[in-house]
Amino acid sequence: MDGPAYAIGLDFGTASARTLLLDLSTGEELAVSELAYADGVIDVELPGASERLPADWALQNPDDYTAVLGSGISEVLQKVPGAAGRVIGMGLDFTSCTVLPVTAEGAPLCSLPAWRDRPHAWPKLWKHHAAQHVADRLNEVASERKETFLSRYGGRISSEWYFPKLIEIWLEDREIYDAAGAFLEATDWVVWYLCGQQRRSACPAAYKAMWSEVDGLPPSAFFEAAYPGFSRPADKLGHTFYPLGSRAGYLRADLAGQWGLAENVAVAVGNVDSFVSFPGAGAEGSTTFVMVIGTSICDLVVHPEEVALEGITGVAKDGIIPGLYGYEAGQPAVGDMFRWFAENLAHAGGPDGAGRTLRDLEQAAAALAPAQTGLVALDWWNGNRSVLADADLSGVIAGLTLQTSAVDIYRALLESVAFGNKAIMDNFGSGGLELDEIVACGGIAEKSPLLMQIIADVSGRTVSVPSSSQVPARGAALFGAVAAGPEAGGFASVAEAAGALRPGMAGTYHPRPGATATYEQVYRIFKDVHDTLGRERSGWLHGLKQLKRQATRSV
């Protein structure tokens, strides 16, 4: 090929998807498309239905995935004349664990008239938490049996993962379970759609389905002990998984013709949205802490050794960067929490909040000093992922008075994210993984300089924000270039691609000693409240959520 080669990155988020066209010779982001899903997060009722979904459900429509896929690719190619002939590879990432039941031929069950009105036939979004009771039972049995696999996941199985969601279907709608030829990650389904063959990624299998290249899946006896009759865990998951950076296949001829692309465009094995951000941001080294900040936060660390850590959500060899152990942790409510505040409380309280947007609140909150609000909040609006792994916990704001303003509450929510982040970093440090710097990427990292400064002040570490506007999509394109290989104009390895395509930094935030000293005092209070309500007295918040569920069902 004469001239530069390009790769396409596809980043499927919670409410929208981004498509990016990347120049592999310069690292320039030539074009970006961002498109919202038509049905978004389905948490009230199914499309075309009137019956309300139960509490803690969160579904999606696979038609949204294919719609934004086609429109996004067409849009970025139209923005750069002649680009279609230069595309050599395509990579994608997805929120995880977002999973769906499909037929043996790959058709989503919810797309078939026979199953369309059955909620369990639809994709379950990562934040579908209705399977918490299943996760609780699995944790109980794993602890009783002293299952060694649990040490790879911080000692707890999350309700967000593969098997709690699959067993929920097995328990509540056996017909859907039996009809499913496979139950697979949405990232694997989109890869199947693109290249016409199923190629399950080892990455989500390791982190979300408790699979290990060495040990395989947890033993059948474990599942049988928890749920008698559920003794064949691989039936819907499969046995074969493909490593990150490998080629799943080539673009289907009909799709290539539809988009004007060559039929030899390589399609990379699917990835997780946050994980692609580590190489996409150009991060390297075992002392770097990468935060991917959007609807939620996913935290990433790589290290040459495997260390058993409580409070993480997983560790897997080759899980983020081939050749290293990748560690994952996170906070499940960030953008979601701020959106909740904007929609429900930002305008409350008379003149103080009237007419304010989040941008207005950000500016006003920046004028407040650390501890000036008199508040401390727990960021558990979607439960806690790390370090407690408890989806039945809920948000808390302590210290409210008649003088508390909307600006005060917004500042406290920002600080709650930083405090939750410090708890996670301290947990890594307790296991011997010392972290010297933070790289923060994602929409909120770009849009909220105040949050970045608060994170720097609370953590006592420098925070750097890459200049790329779409780090996950950029990382996905990087994997597409590796799948294409150097013979096509791509790269031989993820490390080579990451080094060649490293973006610059748009901003750097240094901790301010005075603010850090004050936040150390507030953090001690936060940690006491955190441990009291999350460990010692978790039954209080669990009880409130259970009473809410009962009352909702009775209405």
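Restricting Ala364, Ala371 to residues that are among the hydrophobic types (A, V, I, L, M, F, W, C) and not in a loop (DSSP other than H, G, I, E, B) narrows the list to Ala364.
Of the residues making up region 195-242, those that are among the charged types (D, E, K, R) and over 26 Å from the mean Cα position of the chain (by Cα) are Glu224, Arg232. Only residues that are touching a Lys or Arg at 6+ places or on another chain (Cβ under 9 Å), modelled with pLDDT of 95 or more and of a type outside the set (S, T, N, Q) were counted in region 238-275, giving 12.
Within region 422-450, the set of residues being touching a residue at least 40 places away in the same chain (Cβ under 8 Å), farther than 30 Å from Ser151 by Cβ and part of a helix (DSSP H, G or I) comprises Gly443, Ile444, Ala445, Glu446, Pro449, Leu450.
Of all positions in region 180-202, none carries a residue that is free of Cβ contacts under 8 Å to residues at least 40 places away in the same chain and over 30 Å from Pro47 (Cα atoms).
Under 7 Å between Cβ atoms, which residue pairs at least 6 apart in sequence (or on different chains) link something in region 226-253 that is of a type in the set (Ser, Thr, Tyr) with a partner that is part of a strand (DSSP E or B)? Qualifying pairs under 7 Å: Tyr242/Ser201; Tyr242/Ala248; Tyr250/Ala266; Tyr250/Val267.
For region 75-104, the candidate set comprises residues that are surrounded by fewer than 16 Cβ atoms within 10 Å (Cβ to Cβ) and not aliphatic (A, V, I, L, M); within that set, the residue that is nearest to Glu263 (Cα to Cα) is Gly85.
When Arg385, Arg411 are screened for being basic (Lys, Arg), in contact (Cβ under 8 Å) with a residue 24 or more places away in the chain, surrounded by 20 or more Cβ atoms within 10 Å (Cβ to Cβ) and within 15 Å of Ile454 (Cβ to Cβ), only Arg411 passes. All of Tyr207, Tyr193 fail the test of being under 19 Å from Pro164 (Cα atoms) and in the same structural domain as His133 (by TED's automatic domain parsing), apart from Tyr207. Here Thr373 passes the criteria (1) over 13 Å from Leu414 (Cβ atoms); (2) surrounded by 21 or more Cβ atoms within 10 Å (Cβ to Cβ) except the one numbered (1). For region 50-87, the set of residues classified as assigned to a loop (DSSP other than H, G, I, E, B) and either at pLDDT 95 or above or within 23 Å of Ala484 (Cα to Cα) (or both) consists of Leu53, Trp57, Ala58, Gln60, Asn61, Val80, Pro81, Gly82, Ala83, listed by residue number.
Restricting attention to region 240-281, the residues that are within 23 Å of Tyr325 (Cβ to Cβ) and surrounded by fewer than 24 Cβ atoms within 10 Å (Cβ to Cβ) total 5. Restricting attention to region 158-181 and to residues that are of a type in the set (Gly, Ala, Ser) and under 22 Å from the mean Cα position of the chain (by Cα), the residue that is surrounded by the fewest Cβ atoms within 10 Å (Cβ to Cβ) turns out to be Ser159.
A quick yes/no check of all residues on (1) farther than 30 Å from Gly9 by Cβ; (2) touching a residue at least 12 places away in the same chain (Cβ under 8 Å); (3) assigned by TED's automatic domain parsing to the domain that holds Trp189; (4) assigned to a loop (DSSP other than H, G, I, E, B):
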residue	(1), (2), (3), (4)
Gly89	no, yes, yes, no
Leu92	no, yes, yes, no
Cys97	no, yes, yes, yes
Glu105	no, yes, yes, yes
His129	no, yes, yes, yes
Leu150	yes, no, yes, no
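Here Leu300 passes the criteria (1) aliphatic (A, V, I, L, M); (2) crowded, with 24+ Cβ neighbours inside 10 Å; (3) more than 23 Å from Pro449 (Cα to Cα); (4) free of Cβ contacts under 8 Å to residues at least 60 places away in the same chain except the one numbered (3). The single residue among Ala114, Ala135 that is modelled with pLDDT of 95 or more, under 27 Å from Val44 (Cα atoms), assigned to a loop (DSSP other than H, G, I, E, B) and small (Gly, Ala, Ser) turns out to be Ala114. Would you call Ala283 without any contact (Cβ under 8 Å) to a residue 24 or more places away in the chain, more than 30 Å from Trp340 (Cα to Cα) and of a type in the set (A, V, I, L, M)? Criteria not met by Ala283. Filter region 467-495 down to residues that are hydroxyl-bearing (Ser, Thr, Tyr) and surrounded by fewer than 24 Cβ atoms within 10 Å (Cβ to Cβ) and give me whichever is modelled with the lowest pLDDT. Out of the qualifying residues, it is Ser469. Scanning region 236-252 for residues that are farther than 12 Å from Gly216 by Cα and of a type outside the set (A, V, I, L, M) turns up Lys236, Tyr242, Pro243, Gly245, Ser246, Arg247, Gly249, Tyr250, Arg252.
Here is a yes/no grid of residues against (1) in a strand (DSSP E or B); (2) closer than 18 Å to Trp211 by Cα:
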position	(1), (2)
Leu255	no, no
Phe278	no, no
Cys298	yes, no
Leu309	no, yes
Ala316	yes, yes
Gly319	no, yes
Arg339	no, no
Ala342	no, no
Ala346	no, no
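Hey, could you check region 299-340 for residues that are out of contact with any strand residue (DSSP E or B) (no Cβ under 9 Å at 6 or more places or on another chain) and farther than 18 Å from Val272 by Cα and say which is modelled with the highest pLDDT?
Phe338
The residue of region 500-540 that is surrounded by the fewest Cβ atoms within 10 Å (Cβ to Cβ), among those that are over 27 Å from Ala369 (Cα atoms) and touching a residue at least 60 places away in the same chain (Cβ under 8 Å), is Arg535. Among the residues of region 19-31, are any on the phi < 0 side of the Ramachandran plot, assigned to a loop (DSSP other than H, G, I, E, B) and surrounded by 21 or more Cβ atoms within 10 Å (Cβ to Cβ)? Scanning region 19-31, I find at least one residue that is on the phi < 0 side of the Ramachandran plot, assigned to a loop (DSSP other than H, G, I, E, B) and surrounded by 21 or more Cβ atoms within 10 Å (Cβ to Cβ), so the answer is yes.
The values are calculated or read from the model by the stated rules, or taken from the named source; none is laboratory data. Note that the coordinates shown come from a computational prediction; the quantities given were computed from them, not determined experimentally. Neighbour counts run over all protein chains shown; Cβ positions are idealised from the backbone, glycine included.
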